[in-house]
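**Q** Quick one: the structure is below, questions incoming.
The values are calculated or read from the model by the stated rules, or taken from the named source; none is laboratory data. Everything numeric in this text was worked out from a predicted model, so none of it was measured. Methodologically, a virtual Cβ is constructed for each residue, glycine included, from the backbone with ideal geometry; neighbour enumeration extends over all protein chains shown. For accessibility, only protein heavy atoms count, side chains too; no ligands or nucleic acids. Shrake-Rupley method; radii C 1.70, N 1.55, O 1.52, S 1.80 Å.
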Amino acid sequence: MASENVEEYLECVFDLTRNGSPAKTSDIAACMKVSPASVTEMVQRLSDLGFLDYEKYKGATLTEKGAEVATRIKRKHRLAESFLVRILGMRRGESHEEACRLEHTLSDESERRICQMMNNPQVCPDGKPIPQCDRECRLCESEPSMPLSDLEDGEAGLITHLRCEESPAKIRRLISMGFVPGRRVLVEEEVPAGGPFVVKLDECRIAIGREYASIVHVKRCA
Amino acid sequence: MNIALVGNPNVGKSVLFSRMTGIGVISSNYPGTTVEFEEGRIVRSGEVLTIFDLPGTYSLAGISEDELVTTRLLAERNPDVVIAVADATRLAQSLVLILQLVELGYRVVVALNFMDVARRRFSIDVVKLSEILHLPVVPTVAVTGEGVDELIQVIAARKVPRSDFVVRYDTHIESLLSALSSETGDRTGPFPSRGALLKLLEGNEYFAGVFQSATIEKAVRLREEFREEHMESIEVHISRDRFGEAGRVISEVVGKLEAPPSLGERISELTLRPFTGSIILLLVLSGVFLSVVFVGGTIESLLAQTYRAIVGDAFADLAALIGGQAGLAVARGIDLSLQAILSIVIPYILVFYIVLGLLEDSGYLPRAVALLDGLMHKIGLHGRAIIPMIVGMGCNVPAILATRVIESRRERLILVTITIMAVPCSAQVAVILGTVGHFAGLGYAVLIFAILLAILLILGRLLHRAMKFEPSTLAIEIPDLSVPRPRNVLYKTYMRVKDFFVIAFPILLVGSLVLETLTQYGILDKVVDPLSPFTVGFLGLPAVTIIALIFGVLRKEMSLQLLVLLFGTANLATVLSPEQLFVFALIMATYMPCLSAFAVMLKEFGLKDTIKVTVSSVVLAFSLGGIAHILFAVF
């Protein structure tokens, strides 16, 4: 298992080599806020450990092994940040710092659950892509969030989010009737011939049209 | 003291209002009955309590019409106490609204309604609820009056404090709130600044008015930033936290009982299953139709006999008293309007309203809406449109008023046009059955109903396309089924028939007098010959029938009696062929609405649209008549 410091270095090299050219020690030093001398030493060590390919005067690139670690950390960072901002409503500055700490300690299981809850997000709040999961993540494959309209009769789901590109009027109508993230919704009946979905939100029974039902995203639950 | 009644749609506000004030308000078991607000006064221990009933609303976000009306009226009337009517069986929805009332600094007392139903399903710790919310909570059963007295006492004794309960929102929202309140020293009138700022952040247009423009701009920018940062609008997060808070409160006060589903619940399930639901729907709709036609028909002939027996020669005497043709015109005009009331209003419309009242109070209508929404969408309408269309089977006047439940004006206009042209009202049904149905065979009558259905489908699609209108999607709450209370049904029927009288009777009377005068002075006869190329040539009808057709503008069912008069025989089969009867009935079925419907449309939609609809319905009616005549001639 790589140490936190190792992970930070690999992450830094990951960022610096995204344009395709190797990372210079001076750039790594600026990014890590340490002296170039200690960077050279660390890069040499990481190269010995097989995380980096290092050529003097040219710079460092990630090996396959190093890229794997860096991608995983990056993914955890951006997932955590997305979670903090979108679900917990934290502000971006705070969320970044907290995500920097979480990325090293977040368990794989939590990572999976966050991914699942947020419907396998593609980008983090600042718009950077979240590296996709490279594992056999059965949770994600079988249980991503989906539109309410995809639930079968008798199935229940937890509302994860409302599709935000929809018109504010529709979103507001839905939230005022109680379709808000975190509530459990049970599909009682899908009326055929393009009819609405008859759903239960706690004790309330509501008929909502297909268009509305496709805005509400849920995660299947018991 | 000013007291406002606020609550979600369909929580029994109107019933509670009637119970408190003794003033009748129409209440129904479907959302959106109170369109305008009602007011009543009572005196309790020397204090005058002015109570007003507001339209049902899910929130005070101020977006939809009802929300905006409620926020505005609350702010303008600034009530001393707000009675928040909560549905004990669906507490979360109600609590969210209560939390918003508390946030805005109102003194709130909770009327926990439908307690009788709730007690059967779970336990509610009312005392604890009151302790958590820091508010008085009074359990009520509005339909029986339970708890109403206690509620009035709590208010009259001025025992309603301002609650200091605070909902905490997520960190970002809280930081926006504190930033806004420290930076802007805006005075927010009677509202606590936290509550007013929350409304501003939620995008409530009314509350934008209490802030200075700099603050409003800032809020707009913050809303935008929030949306970009969280990829979700701020009101979703605010609502989420309110529902979260409501859920937490509920978990502390509500305990589950294991109650087996009651008979009502099992029937309720059947009404929503597509298969059984469709059968029930078909039974209900044909039940409405048959009861109006048969029960109404029976009552009509009874009343007509009684009327003749009572009136006797009174109108002949009146005519003689005034003298001349004027005397005849006045006497017959009054006579005919009275007959109209007895032959249409009382039998058909009264019966229809009773049936409608039963349907409304049973909570069945939203089920019909849910089942038919898909089909209605195919003809460009909202599922909710089914209610005005059912009402239209009784009379177009209340049907036009009932379209108010539809939010968009375009959609309302489409719906009214379709209802007027393709949904036969009870008078039109009487004409169809009384002419072709009676003299030419039921097959012809059925054919007319089939043509009407086809018009409904085609017209729906055409208008939908012509007006470039996408029907809004449905979101309607489906209340539990309940047994209608006769008192409420009869009361509603009384109110509606009264409304009908107020709107329709004066028009009926004036119209009858004018037409009678025209007839008595032979003016109407003068149009028979000039129009005969049209009547005889195009429609293939005897020239005199044009008089009956013109009379149809005033009153459809009268045209039937007029035919009898014009031909001097009650057996129309001897003077008109089945084809002619068919053409006549078809024109009557699609023809423009009577004058009363015209007047109501004018009031609701203005002159331009009313004339458009009227002219197109007349053109449609005569074109169909002409086409039918040509087809009969060819085949």
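**Q** Based on Cβ point charges of +1 for Lys and Arg and -1 for Asp and Glu, what charge dipole magnitude is obtained for region B:165-220 about its Cα centre, in debye rounded to the nearest 20?
**A** It works out to roughly 160 debye.
**Q** Using a 1.4 angstrom probe with every protein chain in place, what is the largest-first accessible-area order of A:12, B:594?
**A** Of A:12, B:594, the descending order of accessible area is B:594, A:12.
**Q** Show which lysines lie in cross-link reach of residue A:58 when reach means a straight Cα distance below 28 angstrom and same-chain residues fewer than eight apart are skipped.
**A** A:24, A:33, A:74, A:128
**Q** What is the distance, in nm, between label points placed 7 Å from the Cα along the Cα-to-Cβ direction at residue B:571 and at residue B:525?
**A** 2.7
**Q** Tell me the angle of helix B:296-311 to the major Cα principal axis of chain B, expressed in degrees between 0 and 90 and rounded to the nearest ten.
**A** So the inclination is approximately 60 degrees.
**Q** If eta is 0.692 mPa s and T is 37 °C, what Stokes-Einstein diffusion coefficient results for the protein assembly as shown, Kirkwood Rh from Cα pairs, in µm²/s?
**A** 105
**Q** Could you provide, to the nearest whole Å², the per residue accessible area of the protein assembly as shown with probe 1.4 Å?
**A** Per residue, the protein assembly as shown has 42 Å² of solvent-accessible surface.
**Q** Okay, moving on. Just need the Rg to Rh number for region B:1-259, please, alpha carbons only, Kirkwood Rh.
**A** 0.97
**Q** Let me ask you something else. Could you name the lysines in cross-link range of residue B:159, using Cα to Cα under 20 Å and dropping any fewer than eight places away on the same chain?
**A** Cα-Cα hits under 20 Å: B:128.
**Q** What ranking do B:513-521, B:414-422, A:198-206, B:601-609 get when scored by the average of other Cβ atoms within 10 Å per residue, highest first?
**A** B:414-422, A:198-206, B:513-521, B:601-609
**Q** Let me ask something additional. Just list whichever of B:492/B:603; B:13/B:603; A:76/B:218; B:199/B:603; A:219/B:199 have alpha carbons separated by over 26 Å in the model shown.
**A** Table pairs above 26 Å Cα-Cα are B:13/B:603; A:76/B:218; B:199/B:603; A:219/B:199.
**Q** Relative contact order (percent) for region A:146-221, with alpha-carbon contacts under 8 angstrom and 6 or more residues of separation?
**A** 44
**Q** Using the alpha-carbon centroid of each, what span in Å lies between region B:530-572 and region B:199-270?
**A** If you average the Cα positions of each part, the centres end up 61 Å apart.
**Q** Are there chymotrypsin sites (Phe, Trp or Tyr not before Pro) in region A:40-110 that DSSP marks as loop and that have at most 13 other Cβ atoms within 10 Å, and which are they? Could you put the intermediate results ahead of the total?
**A** Values: sites: A:51, A:54, A:57, A:83; in loops: A:51, A:57.
Those satisfying the criteria are A:57.
**Q** Filter the trypsin sites (Lys or Arg not before Pro) in region B:463-557 to those in DSSP coil with at most 12 other Cβ atoms within 10 Å of their Cβ, and list the result.
**A** Taking region B:463-557 and a limit of 12 other Cβ atoms within 10 Å, the loop trypsin sites (Lys or Arg not before Pro) found are B:468.
**Q** Continuing with this model, one more query. Would you mind checking the tilt of helix B:486-520 against the longest principal axis of the Cα atoms of chain B, expressed as 0 to 90 degrees and rounded to 10?
**A** 40
**Q** What's the angle, to the nearest 10 degrees (0 to 90), between helix B:545-554's Cα axis and the longest principal axis of chain B?
**A** 20
**Q** Any idea of the total accessible area buried by the B-A contact, 1.4 Å probe, rounded to 100 Å²? Display every interim value, and only then the final one.
**A** Values: alone 27690 and 12310 Å², together 35940 Å².
What B and A bury together is about 4100 Å².
**Q** Something else about it: If you put +1 on each Lys and Arg Cβ and -1 on each Asp and Glu Cβ, how big is the dipole of the protein assembly as shown around its Cα centre, in Debye rounded to 20?
**A** It comes to approximately 1260 debye.
**Q** Moving on. Does chain B classify as rounded, prolate or oblate by the C-alpha gyration tensor (a ≥ b ≥ c root eigenvalues; a/c under 1.5 gives rounded; else a/b over b/c gives prolate, otherwise oblate)? Please list the in-between numbers first.
**A** On the way: a/c = 2.23, a/b = 2.01, b/c = 1.11.
In terms of gyration-tensor shape, prolate.
**Q** Given contacts defined as C-alpha pairs under 8 Å and at least six residues apart, what's the relative contact order of region B:275-634, whole-number percent?
**A** Computed over region B:275-634, the figure is 21 percent.
**Q** Among B:133, B:264, B:610, which residue has its Cα furthest toward the positive end of the charge dipole of chain B, with +1 on Lys/Arg Cβ and -1 on Asp/Glu Cβ?
**A** B:610
**Q** Here is a follow-up. Under the rule a/c < 1.5 gives rounded, and otherwise a/b versus b/c splits prolate from oblate, where does region B:259-341 land using the Cα gyration tensor?
**A** Taking the square roots of the gyration eigenvalues as a ≥ b ≥ c, region B:259-341 is prolate.
**Q** For a Förster distance of 45 Å, can you work out the FRET efficiency between the beta-carbons of residue B:510 and residue B:294, rounded to the nearest 0.05?
**A** Between residue B:510 and residue B:294 the formula returns 0.90.
**Q** Give me the percent of Cα-Cα pairs in region A:146-221 that sit more than 18 Å apart, rounded to a whole number.
**A** Taking all Cα-Cα pairs of region A:146-221, the fraction more than 18 Å apart is 27 percent.
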